[in-house]
Every structure is written in C-alpha cells, then in structure tokens.
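S.K.: Before I ask anything, let me first share the structure, which is written out below as structure tokens.
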Amino acid sequence: MDIKQNPFSLYDFLGYIIPGAISMYGVLFIFGHITPETTSLEVIKENLSFDKAEIYIPFILFAYISGHFLSFISSITIEKYSIWAHGYPSKYLLGLEKPGYYYSQENKTLRYIVRSLVLLILAPISLSDYIFGKLIGMRELHSKPLDPLLRNVLRKRIEDLIDQHANISDRENHGKAGEVDFFRYAYHYAVENAPNHLPKMQNYVALYGFLRTITLISLMVFWAILWHSILFHVNILNVMCWLTISGLTTYLFFMGFVKFLRRFSLEALMAMAVTFNSPNKSPDV
C-alpha cells in the first residue's frame, strides 16, 4: 500500500500548531494583564503583529514546539485519566471488565500517589465526570459498550486474527482479554489491509489529539482564573461564575476527546473485522 504523506499532516496543524498558537496568545494575554503599564491587547499587538513578514516563521516554529510540549503533557494527564477512569475504548466497546481507577498489580503506594495527584490537578474534569458522568449517567454517551451482536462479531474476529494471522496457539496462556494489548495488533493490521478506512482513522486521531490538548489549555485557564482571583481578591460571586463556566467548558472538551478516541478505536476494530479473512474459511463467509 503506497501512501503519500505530506510534510505537515492534519495532526500537525490540529494537534500541535493550533494549540501552540493559542497558548502563545494566552501567555501574552496574561503577561499584559498582570503588567500595570500596558494592556493585554497592546502586548499581543506588539509581539504578534503580522504586519511584518519576518514574524511568520518564528511564530510557526514556536507554536509547533510549544504544541508538542502541550501534547505530551496532555497525554500523561488527560489521556491517562481517561484510561484509568473509563478504561481503554477498545476494551469497553467489547464489554470487557475494566479495573478500578486505583488498580495496580505492583508499586501500589506510588501508583496511588500519582493517580491521586492527577485526580487533584484535573479537578474540574474529575469532579464533573463524577457528578455528570457517574451520578447522572452521562458516561453512557461516550463510553458505553457496543450491542451484543457486534461485540460477539468483533471478539471472534480478534480471536481469529491472533490465532491464525499472528500464529499464537496458546492465546489463553497470555492473560485475559481485558489484560492484553490486542488492539495494537488489530490496528496495524487495519492500517496495512484497509486503505479505505485509513483517512477516517487519521482524521479521528487528529481530532482527539486536538481536543486532548485543548482540554489541557482550558484546564490551565481554570487554574489561572483561580490564581488570579486569590491574588487580586476578586468578588466571590464573579469567581464562582467564571470557575463554573471554565470547569464545564473543560469537561465538554474532555468529553469531545473521549468521543473521538472511542470513534477511532471502533473504526480500527471494524476495519480489521471486515478485511480479515480466516484461512480456514472462504472469502465469502
């Protein structure tokens, strides 16, 4: 399969450049806000005015670099929380039982400390996820399993892929389905054998990467509002209003990230299922 890759993919723009540019504007806005002798708009106009051609290349480079940094931070916080709290989409789609948030087979004390710290840092998300997701039941919108028929079809296809394509004769000795990383093999099989599904998978990857990083930026805005309100003794009602809006916005971005992560996993599993033909069956089966 011959795929022509552009120097900059959709993920480069959505996942790195745009979030990086937003963060640069945000930093300048905050700097101008806390500097008495100037305003935020004046600082932005002075440093990121595009009336000069020489600003374009440095702006793109700094946005791209800072976007990579934000993407990495979001992957070890936002995405990790999603996996710990909801499980891997490839597994909850198939109805596999997921371990609890604090589940760990080793280094239990360290794992408890790290996950508690992430829970605290992501307080707008974790608290909203508990209230709206668990208590009200909104998790069903983005983390519910597939219907029983489709679950059985995908499970059978995955078993055939591992047994017959990967030539694993003792699959049951490698652990339960909920404990092994079967999705990585299924995804790479889909990439190699389902070119019609590849553009959609790439779009989903770009979208969930973009929303994951935007969620992190929105989270930073939440903590910046809280810090500003404490530092400058802002009216408590105004603070609560802005924190509520910022927290709910962050949670909505998070839900969007989880939704597209789920769609990517489902698309990869379906692409594998419709392209894999068991050697023991005819192609028409």
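The values are calculated or read from the model by the stated rules, or taken from the named source; none is laboratory data. Given the structure is predicted, the values throughout are model-derived calculations rather than measurements. Cβ: placed from backbone, ideal geometry, glycine included. Neighbour counts: every protein chain shown. The protein model used for the area step is the full one, side chains on, heavy atoms only, and it has no ligands, DNA or RNA in it. Shrake-Rupley method; radii C 1.70, N 1.55, O 1.52, S 1.80 Å.
Results for (1) among the aromatic types (F, W, Y); (2) over 16 Å from the mean Cα position of the chain (by Cα); (3) closer than 27 Å to T77 by Cβ, shown as yes or no for each residue.
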site	(1), (2), (3)
L146	no, yes, no
D163	no, yes, no
V180	no, yes, yes
Y208	yes, no, yes
N238	no, yes, no
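S.K.: Here is a further query. Before we move on, is S265 part of a helix (DSSP H, G or I), of a type in the set (S, T, Y) and either surrounded by fewer than 17 Cβ atoms within 10 Å (Cβ to Cβ) or in contact (Cβ under 8 Å) with a residue 60 or more places away in the chain (or both)?
M.R.: So S265 passes the test.
S.K.: Just to verify a result, which residue in the stretch 182-204, among those that are part of a loop (DSSP other than H, G, I, E, B) and more than 21 Å from the chain's Cα centre (by Cα), is nearest to N167 (Cα to Cα)?
M.R.: Looking at the filtered set, the residue picked out is A194.
S.K.: Return yes or no: is S128 buried (at least 17 other Cβ atoms within 10 Å of the Cβ) and out of contact with any Phe, Trp or Tyr (no Cβ under 6 Å at 6 or more places or on another chain)?
M.R.: So S128 does not fit the description; no.
S.K.: Output the residue which, of all residues in the stretch 62-90 that are over 30 Å from R155 (Cβ atoms) and touching a residue at least 60 places away in the same chain (Cβ under 8 Å), is most open to solvent (accessible area, probe 1.4 Å).
M.R.: Out of the qualifying residues, it is I73.
S.K.: Here's a follow-up. Restricting to the stretch 107-122, name every residue that is part of a helix (DSSP H, G or I) and either of a type in the set (S, T, N, Q) or open to solvent by 30 Å² or more (accessible area, probe 1.4 Å) (or both).
M.R.: Within the stretch 107-122, K108, T109, L110, R111, Y112, I113, V114, S116, L117, L119, L120, I121 qualify.
Yes or no, residue by residue, for (1) farther than 30 Å from F254 by Cα; (2) touching a residue at least 40 places away in the same chain (Cβ under 8 Å):
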{"residue": "I136", "(1), (2)": "no, no"}
{"residue": "S143", "(1), (2)": "no, yes"}
{"residue": "R155", "(1), (2)": "no, yes"}
{"residue": "N173", "(1), (2)": "yes, no"}
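S.K.: Exactly one condition in (1) surrounded by 15 or more Cβ atoms within 10 Å (Cβ to Cβ); (2) touching a residue at least 40 places away in the same chain (Cβ under 8 Å) is false for S229; which is it?
M.R.: (2)
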